[in-house]
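**Student:** One structure coming up, written as structure tokens, with questions to follow.
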Amino acid sequence: MMAEAETAETRNGPLDLRAWIRLLECAKIIEKRLRRNFEEQFDTTLPRFDVLATLGRSHEGMRMGELSRALLVSNGNVTAVVRQLQEEGLVASAPAPDDRRSAIVSLTAAGRHRFEELARAHHGWVREALAEFPPDKQKALLRLLTELKTSLV
């Protein structure tokens, strides 16, 4: 029996690596669809949506450092996207009251409207991507992924 288990692990790889790879594969499949849909239907990008979504959850705005930490990307990446959104009038930047060297970024009214439009489409695409995966399994997956995230932080 032990030889069978060892053979399966050797053939398929260690369980932790197989689980990690499968998680990445699923995320990448959905992410690729989202990227394509944002580009084709809204002439925008997933990173731009991510910035709008993160700012949309913050009513007082966010410092650039907070925004980059929330998005798990570098300050340089966020700065470029924020600049583009600012040029389009979707976000505004103002000096922080307690530190004029630090900027607080927030959605403008146009930015909030655009985010709501994109969020409706995004939700529909995610719902479509998961449509064949039953709700009870989605709940179980969410519970397991929540446990995984808790164990990582």
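Nothing in this text is a laboratory measurement; each read-out follows from the coordinates by a stated rule. Keep in mind that what you see is a predicted model, and the values were worked out from it rather than measured. Note: ideal-geometry Cβ built from the backbone for every residue, glycine included; neighbour counts use all protein chains shown.
**Student:** Of all residues in region 45-63, which are surrounded by 12 or more Cβ atoms within 10 Å (Cβ to Cβ) and over 15 Å from the mean Cα position of the chain (by Cα)?
**Tutor:** Within region 45-63, the subset surrounded by 12 or more Cβ atoms within 10 Å (Cβ to Cβ) is 45-56, 58, 61-63.
Ser58, Gly61, Met62, Arg63 - these are the residues of region 45-63 that are surrounded by 12 or more Cβ atoms within 10 Å (Cβ to Cβ) and over 15 Å from the mean Cα position of the chain (by Cα).
**Student:** Six or more apart or on different chains, Cβ under 9 Å: which pairs go from a residue in region 113-128 that's of a type in the set (Lys, Arg) to one that's loosely packed, with under 12 Cβ neighbours inside 10 Å? Could you list them?
**Tutor:** That search, which allows pairs on different chains as well, returns nothing.
**Student:** Any idea which of (1) without any contact (Cβ under 8 Å) to a residue 12 or more places away in the chain; (2) of a type in the set (S, T, N, Q); (3) not in a helix (DSSP H, G or I) is the one Thr150 doesn't satisfy?
**Tutor:** (3)
**Student:** Residues that are farther than 25 Å from Val105 by Cα: find the helices (runs of 4 or more DSSP H) completely inside region 10-83 holding 2 or more of those. Give the derivation first.
**Tutor:** Values: elements: 15-42, 46-56, 64-71.
Those helices (runs of 4 or more DSSP H) span 15-42.
**Student:** Would you be able to tell me the number of residues in region 94-106 that are crowded, with 16+ Cβ neighbours inside 10 Å and either out of contact with any strand residue (DSSP E or B) (no Cβ under 6 Å at 6 or more places or on another chain) or small (Gly, Ala, Ser) (or both)? Please lay out each step first, then the result.
**Tutor:** Step one: filter region 94-106 for residues crowded, with 16+ Cβ neighbours inside 10 Å, giving 103-106.
Those still in the list that are either out of contact with any strand residue (DSSP E or B) (no Cβ under 6 Å at 6 or more places or on another chain) or small (Gly, Ala, Ser) (or both) too: 103, 106.
Looking only at that region, the number is 2.
**Student:** Further, regarding this structure: Being under 17 Å from Phe38 (Cβ atoms) and among the hydrophobic types (A, V, I, L, M, F, W, C) is the filter here, so list the residues in region 51-72 that pass it.
**Tutor:** From region 51-72, those under 17 Å from Phe38 (Cβ atoms) are 51-56, 71; that's our starting set.
Within region 51-72, Val51, Leu52, Ala53, Leu55, Leu71 qualify.
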